Each structure stands twice: as C-alpha cells, then as structure tokens.
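Bear in mind these aren't lab numbers, they're just calculated from the coordinates by the rules spelled out. A quick note: this is a predicted structure, and the numbers were derived from the prediction, not measured. Quick reminder, even Gly has a Cβ in these numbers, built from the backbone with ideal geometry, and neighbours come from all protein chains shown.
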C-alpha cells in the first residue's frame, strides 16, 4: 500500500525533524535579553546585570586576557578561554540577587572577581 | 474460560521448552508452579489483532524516536546542567528506572520493541516504514561471523561503556555523542548485515536485557507445538510476502528462552496458523531451560553483578575519592578505577564464584565436568544480580523523580514552562521506606537465586543429595553478595 508508506514517511519527517525544529523556533521567539559579559583580570563588565522576573537572559561570555570562569551556584559553571566565547542561558525564575564569581584561578585578584544578577519583580 | 490454563505437556512440548531434569509440578520458592502460564492473546483476542498490525510497531517506534530526537538536540545544545537537561534525566533517571523496575521484570525485552536507536537503520534496510517492500532491501545482507554469534562482543562493548559511566551519566554532550554514535552504528551495521544484527550481537544494552529477561514474567512462544511441527513452511523463519522473517534471527517455533526475543511481534504477522502467544508466567522460568547455556552469558552475569556493586560504591557510597576517580578528575585515579572495575567484573567475580562452585563439586562428589557445572550454576546469579540492580534503581528514582516533570516542561533548561511543571521542587519521596524496599528486593533475590541454584544443580547432577551438597558453597557466596549489597546500599 503505497499511501500507507507516504503517510508513515510524513509522520516520520514531522516528528523527527519537525519537533526539534519547532522547539528551536519556539526558543528563538521567546523574550530574551542578550548581555555581553566581558571577563578580565579581575573584574566582570558589567558587574551587575538587572533582569525582570520571568525574563530569559542570554549571557555571551568573553574572556579578554586569561582563562576565567563564570559560576552561579547551582545554575551554571562555565570555563571561558580567550578567543573562545561561551554562551549561557539563564531563566530568571525567582526574584532575588544571584552572585556570580570566577571559578578558574586567574591570578592574585581572583577572589575579588565577582558580580551579581538582580532579578526584579 | 479458565483464567489459569494448563500448558500442553506432551513430550515434544517439554523437549522444546528444554527444561529437562525439572520434576513435574516443580515450584519456585515452593509455591509458584514453574509451568503455570496465562495466555494473554487467548484471553484478549483484541490484543492479537493489535500485535498483528504492522502499524503497531511503527507507531511505538515513532513515539520513542520523536522524544529521542528532541532529547538528543537537548543533549547537544541544551543546558550542560545534567539534572535540568531532558537527555540526561530521560536516559539515566526515567528510562533506566523504568527499564529495571518495570519493563525487564514484567515485560521482558519490550524495550527492544520501543527502542529508537535501530529505527533509522531498520527503515533504511527495509526501504519501508510500515509495509513489507518486495525485493532486496538496502543492505548487503551479510551474516554475522559465526565466531561472534554470542554475547562476548556485547560483554566487551558494555564493559567499555561501563568504564566511562562516571562522565556518561552526568555530562550531557557525552551522553548525546554516545547515543548518536549508537544510532549511526546501527545504521552502518544494518546496511552491511542482515536484519537486527546490531541489536542481537552488538547493542550494549541488549546483552543485559537478554540475560535478565530470563527473569521476566512474560514470554512470546508458540501456542501448540504440533501445529509448528506439522507446518512444513516455517513462515516465522523465512518470512512471507507481507511480513519479515524473525528480525532477531530466532526460530520462534523452537524458541525456549527470552534471551534473544526482541518482542517485535513479527512472528505474529508471519504465522498463518495464528499459533503465537503472549503469555504470563512465573519469573525466572527461562533460567531452568537446559539449552544453549554458555560461558558468554555466564560472564554477562558476572559483569552485571560486579558492576552493580562498584556503581553502588561509587554513586551511593560516602567515598569521595572513588567518585573523583570515576569522574576522571585525575588520570592516575581514573586508571586505578577503570582497571579495578575491569579486573573485578572480568576476573575477580568469576574466579571467586568458580572457587565456590569447585568446592561444591568436591563436596558433592559430582562427576560432571567443572566447566559445565560452573556455567550452569552461573545462571543462579541472575536473580540476585537483577534484584541488586532493582535495589540500586530505587535509589535513583525515589530521590530524583522531581527532575522528570521539570524537564518535560523545560527540556533544554532554557527557562520554558510548557506544561506548568518546570517549577516542581526537588522533593525526594519514600526515603524512609527505600531501605526497606531495597533490603526486601535483595532478600527476594537471594531466596530466588538459592532456589534456582538448587534446581539447576539437581538438573545438572540428577540427584537430590548431590545437588544439595553442591549448592552449599554457592549459597554462601550468594549470601555474601547479598550482605555486600545491603551494606553498600543501606548500611
């Protein structure tokens, strides 16, 4: 039955290609705030990022000098190398202040390399 | 119609079932008749119609393949945080627990009927999704080398994967690459070799599914043996114009164990006599089948038992150093872990078990070859091994179930909330009863293993007294294993 194979083929295409494609399309249409976070000895620029609750934050992480880290406890921990930007997507689900810090030892001032994300109501 | 149907016990039937040496009326643990069967396809005729439909298999595969496709994308581009990523949660929490707690014990290799990994390869090989296409498929159709038609390749592949379990189960991209590699591997093998060669001889999951499905409470078998015997054209073996020969290269007319039956139901579609059945049965029935036992399957039992103990120590134990080694935090530590794991499952467990079997053989004065007794009695490790994995799986699903609704709503960890369950709090359940469940599972496994060991010893030695004496040392081993798992999981 040729028509049965055609129906099955359409179903396969719709499910195996259509579903992931639909997911990516949905993501691209969501309200997303894109912030470029520069990382250098021994600071983040900007050191404070403000977002609204429910907003999606797409952080583009760029290490300007040496290897740095971006760690928000329980949410993200990314190693970033110079010349190799990384991206982190954070969902601002609950209001509050979330501290981030460098998780790769980057020199004498490493401990001072901190910042915060403020999620406002 | 009676709910409990007496199996047809003519001589041919018994020979096919291969349970020679098991006394009539034998019972598991003294109260479950070994030959009890409940024919689901006879009781529910609608079920036979569903199983005969070619669309059933296609739709089941399509559903799992769809979820798998999304999960695979999540593995590659979703959040690297494992417990917020659909792929890791789906595979290592949901699938694993469902497999060990429900699918294998109750439904045998039903997962193989749902598994999305070989779907693409099979569709390409057949050049069809649903209906059988006439003519040659897209494959060279070669036969798998005779020397490798056993579980050894699967044992080695599984061991290779087990060595990397520390990073496999936590790193999303590693899991994604592994599964994508398996899909591609299945495609390549399908294009070169006949039917489901990949599933039968190479799938690392298929090995332990096959062995542990001997414990399952469900089987697919012929209904009346004389119908198959008198039917000269073995459609289930050679196929028909409408349906394929057994994709698993089994002969359903004489199949006596679940080990290599992938529950694809193709034999229902080929059989013009409607002589195939899905039946409920007591657990562990196939372990008593005195046919096609081999060292390859014995080693699978050792590998699974040893791996369960090591994983329990690494994942559930308090030893941080072990976790670091398994997670590859240092090359030296990882090498110690990997070599210990390989040595334990391939050498230490078999050697210790062999010593206990040798003692039993001496004690009983049995004159059967040691290797035969060793191989046969190794099947008694299946119940305790499987129940140890069940106890282990309780410790995976009960504390971590909350991640499942979370990733259903937010599969990529991108902050979605598709079904309003993304905010489900991490909330372990049943933590107080979990140790009780685990100990109960282990004790049931111990009792079942002892019972199977005695029955196999009697079957092999043909004498009650000799069987009892030969079983004493293996029972001590089994009790020790149960104690070890109790200490690792609960103690």
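Taking 0.36 nm per residue of separation and subtracting the current Cα-Cα distance, fully stretching the chain between residue B:280 and residue B:331 would add 13.5 nm. Note on residue B:124 and residue B:417: with the Förster distance fixed at 41 Å, the Cβ-Cβ geometry gives a FRET efficiency of about 0.60. Here, the stretch B:285-332 yields an orientationally averaged convex hull projection of 5.0 nm² when only Cα atoms define the hull. Against chain A, whose longest principal axis comes from its Cα atoms, helix A:2-13 is set at around 10 degrees.
Within 10 Å of the Cβ of each residue in A:83-92, the mean number of Cβ atoms contributed by other protein chains is 2. Counting only DSSP beta bridges with both residues in chain A, the antiparallel share comes to about 60 percent. Once the Cβ-Cβ distance of residue B:237 and residue B:425 is raised to the sixth power relative to R0 = 41 Å, the FRET efficiency obtained is 0.15.
For chain B, what is the percent of antiparallel DSSP beta bridges, rounded to the nearest 5? Of all bridge pairs located within chain B, approximately 90 percent are antiparallel. Modelled this way, with points 7 Å down the Cα-to-C-beta line, the labels at residue B:463 and residue A:19 are 6.0 nm from one another. When each of B:358, B:152 is scored by the number of other beta-carbon atoms lying within 10 Å, the sequence from fewest to most is B:358, B:152.
Shown for B:76, B:263: other C-beta atoms within 10 Å of each C-beta, ranked fewest to most, produce the order B:76, B:263. The mean number of Cβ atoms from other chains found within 10 Å of a Cβ in peptide A:67-77 is 1, as a whole number. In this label model, residue B:339 and residue B:224 are separated by 6.3 nm, measuring between points 7 Å along each Cα→Cβ vector. Helical content alone sets the calculated 222 nm signal of the protein assembly as shown at -14000 deg cm²/dmol, taking -39,500 (n - 2.57) per DSSP H segment of four or more residues and averaging over every residue.
Just need the relative contact order of the stretch B:34-287 here, percent rounded to a whole number, with Cα pairs under 8 Å and 6+ apart. The value is 28 percent.
By other beta-carbon atoms within 10 Å, ranking A:94, B:296 with the fewest at the front produces A:94, B:296.
Panel values: the protein assembly as shown, Kirkwood radius from alpha carbon pairs, Stokes-Einstein at 10 °C and 1.306 mPa s, translational diffusion coefficient 59 µm²/s.
Of all beta bridges that DSSP places with both ends in the protein assembly as shown, some 70 percent have antiparallel geometry. Over every Cα atom in the stretch A:34-78, the radius of gyration and the widest Cα-Cα span, Dmax, amount to 11.1, 33 Å. For residue B:351 and residue B:290, the difference between the fully extended length at 0.36 nm per residue and the C-alpha to C-alpha distance is 19.6 nm.
For residue B:191 and residue A:108, a Förster radius of 45 Å and the Cβ-Cβ distance give a FRET efficiency of 0.15, rounded to the nearest 0.05. Peptide A:4-13 shows a mean partner chain C-beta count of 5 within 10 Å per residue C-beta. Placing pseudo-labels 7 Å out from each Cα toward the beta carbon at residue B:251 and residue A:40 gives an inter-label distance of 7.8 nm.
In plain terms, the C-alpha convex hull of the stretch A:22-108 casts an average shadow of 6.1 nm² when viewed from every direction.
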